Every structure is written in C-alpha cells, then in structure tokens.
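Quick notes on the structure that follows.
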Amino acid sequence: MKYDILIIGAGTAGMSCAITAAQRGLKVGVIEKSNHVGGAMHWSGGHMSAGGTRLQKEKGIEDSVEKHLADIYRINNKSGDLDLIELAVAEAPKTIEWLDELGMEWASDCPRIIYGHVAYETARTIYGPEKALSIYKVLYPQWEEKVASGNIECHFENTFIGLGKSEERFDTVICSTEDGELSYSGKNIVITSGGYGSNPAYFQQKHPNIPLVSSCYPTATADGHVILEKHGGQFRYGEFHLPSLGGMEEEEGSGRVDFNANWAMVLTSVYRQPRDIYVNTLGKRFIREDEVSPETRELATMQQPNWCFWVVFDEAALNSPDENGNHNPIMIGRSVKEMKAEAERGHALRMANSIEELAEVTGLPMDNLKQTIAEYNTMVETKTDLDFGRTYLKDPIKTAPFYALKVHASVLVTFGGIKVNKDLQVLDADGEPMSGIYAAGEVLGLGATSGSSFCSGMAITPALGFGRILGRTLS
C-alpha cells in the first residue's frame, strides 16, 4: 500500500498531522518506534502560547498575533528561523481554537505569565491541569476514531532506519522490527520523530563540550536527524543550546533527571526567595541567588565546571516558613519531612552535622566552602553583598544539620534541528527541497521556533500547528 501521507513518529506533531489529514479522507500511515502513541505528551509540561485566545478575552487580556510576535522578538533578539516563528505565531490561535473545539480543559490559573523562562509582557501561556496529558486526552479519541475508520494505520515497534526514492522523489521509509526490515511507501513523508536529548552519542557529536544531563523523553534519540543528515539534510542552531536549571540526578552520574519528579526551584527567585547559597564545584558562589532572570542564571551556570552547582542551606532555613506562612522547600513538591527523608538517602541531597563533614560528603573543597559560608553569614549580618549584589539576606547558615543539594543544568528540549523552508520541506546541503520529505516538531529544533532563548509555549504549540498545516495541505 502507498499511503497519501506517511508519518514518522506518533507524538505531538505526528498525531495532529495524522488526525487532520485523516479528517480530509486521506490514507495515513504512521511509523512509531514504541508500543503506544503520544510521545512526549506523556512527559511534557504542556505549555502553549498564542495571542488573542478565547481565554485571554474572557479575562479581559488584550493580545494579538502581532503582540505575541513582538514579544518573542524582544526576548530572543529576533533570532531563529523568522519564517517559521511567524508561521507558528500566526497559526497558534487557530491551534488553541481547535483544542477548544475538541473540549480541551485548561488550568484555572490560565492564561498566565510564566517566569521559568524570560517572561512575556502579556499573560498568554496556557496549559491543561494534567500538563501535556490534557492535550493527549482530547487528541486520542480523534485518533482512535480515524484508526477505526481505516484512515490511519499505525505500525508500532518500527524503528526508522532509512529512506528510499524513485524518480527523484523520496517515497519509501525503511524500518527495523523484531521480524527484520520492513518498507512502507508514501506519496508524502513527514518526519516528526522528536529531538535528540536521549541519545548521548549524537548529543556529544553536536555539542562536544557540553555535559548531557537529560530529562528528555526516552524515544528522543535522533532517529530522524541521523537519516536526514545521511541524505544531505542540514543540522542547524546547535549553537543556541540553552539548558534548564533544576535537574537532580536520582542516581549520581546517570545523566538522567526527571522534570516531573526531581526538580529544584532554582529557575528564578519569583516563586521562591533563596534561603541558601549556590556554590560551584570549587565551593565558591558565582551569582546572586535572588536573580530573577532565568536566562542570566542559565548563562552563569554554563560558565561553571560541569555545568552544575550545590545549593547549601541549614536546618533553620529548611524549617522556616516564608512571608505568607508557607513552607517552601527548595525541592519542588517536597515537604520538609520528605526532604529530610531524601537527605537520609544521600543521593542528590546530602546532609551533615558540620560544615567540614558537608565538604566531605559533597567533595567540595573544605577551606573554600568554610570561607564562602563565613562570608555569606557576614553578608546576612551587614545586609550587603559586595560580590554579586544579592538583596534577600535573611537566612544565615549556622544551624546543624547542614544540607547541600546538587543541581544540574539539564536538557528539557534540544535547540538544534533539521533545516526546512517555510513550507516545512526538508532542505538539502544546497538549500533545495528534498522532494517528498517534510518535517515538524522537535526534529526542527527549538532554535528554529524560539530562537536563542526559551520563549514560553514555542515548542508544543508549533509542533501541533505545523502538524496540522501539513495534514491539511499535503495530498
């Protein structure tokens, strides 16, 4: 059988493409390496953004496509693929309207301004109460309906390993399965295979001097990148790589963290004022811990050895409520009791009865750590930080036991990706379309749709939007 559209990857972009095309009566084949659909929607925070949505209007928030685009260009200094960014922003309200029509449930506090990235000036970030699973839950019934009607056929546990073409147009996808190699044919091939943050070898090839500590979906293994580059596709925007701060390894040296389960509130001081100090592996402070800007924090951490640091605090800081009377431990979602239990395990969070012992259990230079803590305690007394200008100085580090939490600059999404034109056609080394091949989703890289900064909602929203564009235009 030759499908009208053959899609590689049944994740965010792949599902939206398949559903949209199937609703037009096209015959759609989908190749999926796992045994289920949904991809990173089972994993992601699900943040989307658009200008002029129903939710904004209902809350009296004035916004538009033009304002959204201007805000993105303010944040990223007009970097990235401007054609794709403008296409994504223009498509975004239609994407949100589509989800509305499917019965998407939105979190009660949306739309809002998110401070975990450089913030928009207007409240336009939206998401479901179950993060990206809220999106999946409205897409899956549409998917099932089109599978039942025969318009979508999904081939599970097929790993994409090659492409073939006839008469100068790519029309064949080669897959590896338990039963050997299989080939599938399609008039149009759409690559939505995700990013590369779960492929350490490929990541190091593209970023040889960057340590990989990843919270990416396990199937984000660069399958599409490798094959497309083999056939002349261009990789770009790797230089825009920007990590997210907060990852805590469950097992030391594993290179894996879990954004949903083990994350520290070190993105910004908007949500939690620091009762602690951040020290690098030399035992020295390197930034004002009450810095608001996530990007300033990220860039500073990228200058530290191994792109990691320790958050150091004491028992009094752990147990002290904030200005509103709430306990707000550094580990997101953990109570004081749960943090103490985590410290007993001694993995990412270490505990000691003296500063000397804390240096020993963390491997931090003892003299440096003692000096840094003593200098910080003096800053608390004098209410002056001459080194970095920190102004929130209320919690000295004096009361045993003492704690240190190891935090990594982690990968949530990969910035590098495969080059396409404004019609989402994959381009070869000469900048010419690779006939028959299109791409959408993280395989394009966040650098293409967000530029050199994290712009809230500019990963999932373009993935859904670009998938829908291909689903309604290819035939």
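The values are calculated or read from the model by the stated rules, or taken from the named source; none is laboratory data. Since we're looking at a predicted model, the values are computed, not measured. Cβ coordinates were reconstructed from backbone atoms using ideal geometry, including for glycine residues, and neighbour counts include every protein chain displayed. Please note that ligands, DNA and RNA were not included when accessible areas were found on the heavy atoms of the full protein model with its side chains. Shrake-Rupley method; radii C 1.70, N 1.55, O 1.52, S 1.80 Å.
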- How far apart, in nm, are the 7 Å Cα→Cβ label points at Q425 and S185? 2.3 nm
- Tell me, what are the semi-axes, in whole angstrom and largest first, of the equivalent ellipsoid of the stretch 404-475 as set by the roots of 5 times the Cα gyration tensor eigenvalues? 28, 15, 9
- Note on the structure: In nanometres, the difference between 0.36 nm per residue of separation and the alpha-carbon distance of E178 and Q205 is 6.9 nm
- For mean projected area of the Cα convex hull in nm², which listed value, (i) 23.1; (ii) 33.1; (iii) 25.1, comes from the coordinates shown? (i)
- Near-label residues of the stretch 32-47 by backbone N, under 16 Å of a point 7 Å along Cα→Cβ of A261: 42-45
- Message: For the stretch 271-316, what does the accessible surface come to per residue with a 1.4 Å probe? Please give it in Å².
- Response: 31 Å²
- Task: Measure off 7 Å from each Cα along the Cα-to-Cβ vector at F156 and E66, then give the distance between these two points in nanometres to one decimal.
- Result: 4.9 nm
- Item | Extreme residue, positive dipole direction of the stretch 345-475, given options L474, V407, Q371 (C-beta unit charges) | L474
- Task: Compute the long axis of helix 366-382 from its Cα atoms, compare it with the longest principal axis of the Cα atoms of the chain, and write down the angle in degrees, 0 to 90, nearest 10.
- Result: 80 degrees
- Between Q273 and N306, what is the FRET efficiency for a Förster distance of 22 Å, r being their Cβ-Cβ separation, to the nearest 0.05? 0.25
- Query: What spacing in nm lies between the two simple spin-label points modelled at K398 and N35, each 7 Å away from Cα in the Cβ direction?
  - Reply: 5.9 nm
- If we count every other residue with Cβ under 15 angstrom of R390's Cβ, Lys/Arg +1 and Asp/Glu -1, where does the sum land? -1
- May I ask you to compute the full-extension gain from T473 to T296, defined as 0.36 nm times their residue separation minus their alpha-carbon distance, rounded to one decimal in nm? 59.6 nm
- FRET efficiency for A341 and E167 from the Cβ-Cβ distance with R0 = 60 Å, rounded to 0.05, comes out at 0.40
- For the chain, the longest principal axis of the Cα atoms and the Cα long axis of helix 336-345 enclose an angle in degrees, to the nearest 10, of 90 degrees
- Item | Solvent-accessible heavy-atom area per residue, rounded to whole Å², over the stretch 329-387 at 1.4 Å | 53 Å²
- For the stretch 1-158, what is the accessible area per residue in Å² when the probe is 1.4 Å? 40 Å²
- Query: Gain in length, N368 to E121, computed as 0.36 nm per residue apart minus the alpha-carbon separation, to one decimal in nm?
  - Reply: 84.8 nm
- Query: Looking at the square roots a ≥ b ≥ c of the eigenvalues of the Cα gyration tensor of the stretch 86-144, which shape do they give, rounded for a/c under 1.5, prolate if a/b is larger than b/c, or oblate?
  - Reply: oblate
- Message: With a cap of 14 neighbouring Cβ atoms within 10 Å, and only residues DSSP puts in a loop, list the trypsin sites (Lys or Arg not before Pro) found in the stretch 94-138.
- Response: none
- Task: For the chain, with all protein chains present and a 1.4 Å probe, just round the carbon and sulfur fraction of the accessible area to a whole percent.
- Result: 49 percent
- Message: Between A107 and E252, what's the calculated FRET efficiency when r is the beta-carbon distance and R0 is 30 Å? Round to 0.05.
- Response: 0.30
- Message: Just to verify a number: what accessible area does K187 come out at with the full protein assembly present, 1.4 Å probe, Å² rounded to tens?
- Response: 90 Å²
- Scoring only Lys, Arg, Asp and Glu (+1, +1, -1, -1) among other residues with Cβ under 13 Å from the Cβ of I31 yields -4
